[in-house]
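Accompanying notes for the structure given below.
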Amino acid sequence: MKRLSLTIEYLEYESIDELSAEDKSLMQQAHEAGNTAYAPYSNFSVGAAVLLENGVIVKGSNQENAAYPTGLCAERVAIFSAAAQFPGVAFKTIAITAKSSKISVSNPVTPCGGCRQAISEYEVLYNKPIRFLLMGETGKVLELKNVGSLLPLRFEAKNAFHAG
Ligand code: THU
């Protein structure tokens with residue numbers, strides 16, 4: 001038996017103003033995307049903006065449904081849209097933000113487990129790290145260098161379908 005451990009490194013910025021011009025613009029686009037959320041049930045509007053390797057930015061927002069589980073998170077709306085419109089183009093960075101009409105969202109929003117897994121698929125597919133920029137409506141920004149930082153020991157097809 002061996003005892004192992006994993007360390008996750010990430011950066012914390014005091015505010016969006018500490019980001020590079022490119023990252024700040026991507027985060028601003030995530031904020032804009034949040035305005036297109038359809039979130040009448042949770043009142044929690046999430047916006048995501050994905051920067052592709054070809055320089056294109058694809059935005060997404062959460063889309064809810066009266067049958068609750070049928071809705072989709074902003075991150076998956078954005079990445080599936082990007083993958084469908086630009087097949088074969090790797091993802092560089094995804095900026096995610098959230099706001100609510102009910103509470104003040106001043107802590108960075110972190111993607112749900114399902115979205116982490118969905119984003120992981122494209123990191124593996126293109127063999128390029130996908131960087132994360134996370135923030136609330138206001139406040140600090142977190143930067144993570146790849147999906148592994150959010151989803152260590154993730155499930156990958158190569159360990160399941162191509163094992164042995
Ligand atoms: N949501 C996202 O869009 N992204 C996340 O990472 C977490 C949650 C959405 C789903 C639902 O519409 C609302 O936020 C409340 O959970």
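Values computed for the structure shown
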| item | result |
| --- | --- |
| Pick from the stretch 6-24, criterion out of contact with any helix residue (DSSP H, G or I) (no Cβ under 8 Å at 6 or more places or on another chain) and surrounded by 15 or more Cβ atoms within 10 Å (Cβ to Cβ), ranking: farthest from Leu142 (Cα to Cα) | Asp23 |
| Top-ranked residue in the stretch 1-40 [being within 10 Å of the ligand (Cβ to nearest atom) and of a type in the set (A, V, I, L, M); ranked as nearest to Val77 (Cα to Cα)] | Ala37 |
| Hits in the stretch 41-62 - residues which are open to solvent by 60 Å² or more (accessible area, probe 1.4 Å) and either near the ligand (Cβ under 10 Å from one of its atoms) or in a loop (DSSP other than H, G, I, E, B) (or both) | Tyr41, Phe44, Glu53, Asn54 |
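For every residue, the table says whether it meets (1) more than 25 Å from Ile16 (Cα to Cα); (2) without any contact (Cβ under 8 Å) to a residue 24 or more places away in the chain; (3) surrounded by 15 or more Cβ atoms within 10 Å (Cβ to Cβ); (4) more than 16 Å from the ligand (Cβ to nearest atom).
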position	(1), (2), (3), (4)
Tyr68	yes, no, no, no
Cys73	no, no, yes, no
Ala83	yes, no, yes, yes
Pro87	yes, yes, no, yes
Ile94	no, no, yes, no
Ser100	no, no, yes, no
Ile103	no, yes, no, no
Pro111	no, no, yes, no
Ile130	no, no, yes, no
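The values are calculated or read from the model by the stated rules, or taken from the named source; none is laboratory data. Here the structure is a predicted model, which is why all the values come from computation and not from measurement. Don't worry about glycine lacking a Cβ; one is built from the backbone with ideal geometry, like all the others, and counts go over all protein chains shown. These area figures cover heavy atoms from the full protein model, side chains too; ligands, DNA and RNA do not enter into them. Shrake-Rupley method; radii C 1.70, N 1.55, O 1.52, S 1.80 Å.
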